[in-house]
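Report on the structure given below.
The values are calculated or read from the model by the stated rules, or taken from the named source; none is laboratory data. Since the model is a prediction, treat every value here as computed from it, not as a measurement. Positions of Cβ are generated from backbone atoms using ideal geometry, with glycine treated the same way; all protein chains shown enter the neighbour counts. Note: areas computed on protein heavy atoms with side chains; ligands, DNA, RNA excluded. Shrake-Rupley method; radii C 1.70, N 1.55, O 1.52, S 1.80 Å.
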Amino acid sequence: MCAATALALAEPRVPAVTMTPGTGGVQEWSVSLQILAIMTALTLLPSLVLMTTAFTRIVIVLALLRQALGTMQTPSNQVLIGLALFLTVFIMGPVLQRMHDEALTPYLEERIGFQEAVEKARVPLSQFMLAQTRESDLALFAKLSGRESFESPESVPFTLLVPAYVTSELKTAFQIGFMLFIPFLIIDFVVSSVLMAMGMMMLSPLVISFPFKLMLFVLVDGWPLVMGTLAASFHGPGSG
C-alpha cells in the first residue's frame, strides 16, 4: 500500500488551469478552465435573459395588465412568466439564429476560438439592444462614464449598453402599461359615478366594474391584441 501510494504521488499530474499560445498569438484555454467559464456563465444566464432580451418589457406589461383588470393573482405568476418567456423566444428568434450561425456553429466546428465566438455572439445582441435603446438614455450613461461620443454603434461597450437598454425598456413598458390602464380606469370611474348617483355608497365599485372589465377585454380580443402589440413594439427604434 505504501509503495502504491508512493507511485501514485510520483505520477505526473495534469494541470487544471493552463493557457497555451496558439496561431496568431491567440491564447488557448485548457478544458478545465473552459468548463469553469461555462459553469459561471450558466449561473449568470437568468440575469442575461432578464436584462439583455425582450423579457423585461413583456413581463412588466403583463403584470400591469393583470393589475388593471383587477384579477388579483389570475393569471398566476408562473403563467405570466412562462408566457413572457415563450414570447421572448419568439421575438428574439432572428437574433438567436444569427448568434447560432455566426458564433456557436463555427466554435463547435473548431473554426474559431472561444473568445472570437463570444465576440461574434455579442454583435447581433448588441444591435438588437441598440435598436431599442433611446439616445437620451445612452447619452446619460455615456456621460456618467466620462465618454462623450462613440466612433460607431459597434464601439459602445456592453457594460454601458446594458443599463441604458434596461432603462429604456422600463420606460417603454410603463408607457404601454399606462395605455392599457386607461379603458379600465374609465369603466371604474363610470361605475363609481353611477353607484354614487344611486346612493349605493356601501357597495364596492370593484364588485360591479370587474365583470364589465372582463367583458370588454374579451370582446376586443384582448390577449392577441396585447401579444401583437408587444411583438410589434420591438420592430422600431427606441420605444418601438
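Only lysines eight or more places from residue 213 in sequence, or on another chain, were considered; those with a Cα closer than 30 Å are 171. Based on Cα contacts under 8 Å between residues 6+ apart, region 125-240 shows a relative contact order of 36 percent. Please give the net charge around residue 182, taking every other residue with its beta carbon less than 13 angstrom from that of residue 182, where Lys and Arg add +1 and Asp and Glu add -1. Once all neighbours under 13 Å are counted, the net charge is 0. Count Lys and Arg as plus one, Asp and Glu as minus one, and take only other residues whose Cβ is under 12 Å from that of residue 159; the net charge is then +2. Placing 57, 147, 122, 134 in order of accessible area, with the largest value first and a 1.4 Å probe, yields 147, 122, 134, 57. Spin-label model, residue 160/residue 136: points 7 Å from Cα along the beta carbon direction are separated by 2.0 nm. Using only Cα atoms, locate the centre of region 101-130 and the centre of region 167-226, then give the distance between them in Å, rounded to an integer. Spelled out, the Cα-based centre of one part sits 45 Å from the other.
For the pair residue 108 and residue 89, label points projected 7 Å from Cα toward Cβ lie 1.6 nm apart. By the Kirkwood approach, averaging reciprocal distances over each pair of separate Cα atoms, region 55-111 gets a hydrodynamic radius of 13.2 Å. How much of the accessible area of region 144-240, probe 1.4 Å, is carbon plus sulfur, in whole percent? Carbon plus sulfur share of accessible area: 76 percent. Taking all protein chains together and a 1.4 Å probe, the residues 35, 60 rank 35, 60 from largest to smallest accessible area. Here the gap between residue 48 and residue 118, fully extended at 0.36 nm per residue and compared with their Cα-Cα distance, gives a gain of 23.8 nm. By a 1.4 Å probe calculation restricted to protein chains, residue 36 has an accessible surface near 100 Å², given to the nearest 10.
Given R0 = 25 Å, the distance between the Cβ atoms of residue 174 and residue 212 translates into a calculated FRET efficiency of 0.50.
Accessible-area rank, largest first, for 218, 166: 218, 166, with all protein chains present and a 1.4 angstrom probe.
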